[in-house]
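These notes concern the structure reproduced below.
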Amino acid sequence: MDWHGPSAREAFSTIDALTNILNGRDEWRIFGLAPGTKALLMGHSNGGQGAWYASARHPDRVVGGT
């Protein structure tokens with residue numbers, strides 16, 4: 001899949017799922033993400049293209065990419 005659709009949605013869904021998992025148990029909450037935390041994306045080759053694409057199109061969810 002390319003980063004213009006399903007792959008980008010899956011990556012952001014993974015971050016959302018991790019947030020829900022960490023907030024789901026009292027002993028894990030200290031590792032949780034604050035609401036509105038943005039991701040720093042890194043990748044190589046196709047992953048780099050995905051980091052660039054997501055950074056440019058989702059500034060509300062991404063702090064930067066490399």
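Every number here is computed from the coordinates shown, using simple stated rules; none is lab data. This one's a predicted model, so the numbers in the text were calculated from it and none came from an experiment. Don't worry about glycine lacking a Cβ; one is built from the backbone with ideal geometry, like all the others, and counts go over all protein chains shown.
Okay, here's what the table says:
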| item | result |
| --- | --- |
| Residues with amide H under 5 Å from that of Val62, placed H, sequence gap 5 or more | Ala39 |
| Extension reserve of the Asp26-Lys38 stretch, reckoned as 0.36 nm per residue once the Cα distance is removed | 2.0 nm |
| Loop-located trypsin sites (Lys or Arg not before Pro) in the range 12-41 whose Cβ has at most 12 other Cβ within 10 Å (DSSP) | Arg25 |
| Summed side-chain charge close to His4 - residues other than His4 whose Cβ falls under 13 Å, Lys, Arg +1, Asp, Glu -1 | 0 |
| On Cα atoms only, tilt of 6-23 relative to the major axis of the chain in degrees | 10 |
| Approximate shape of the chain as ellipsoid semi-axes (Cα gyration tensor, √5λ), whole Å, largest first | 24, 12, 10 |
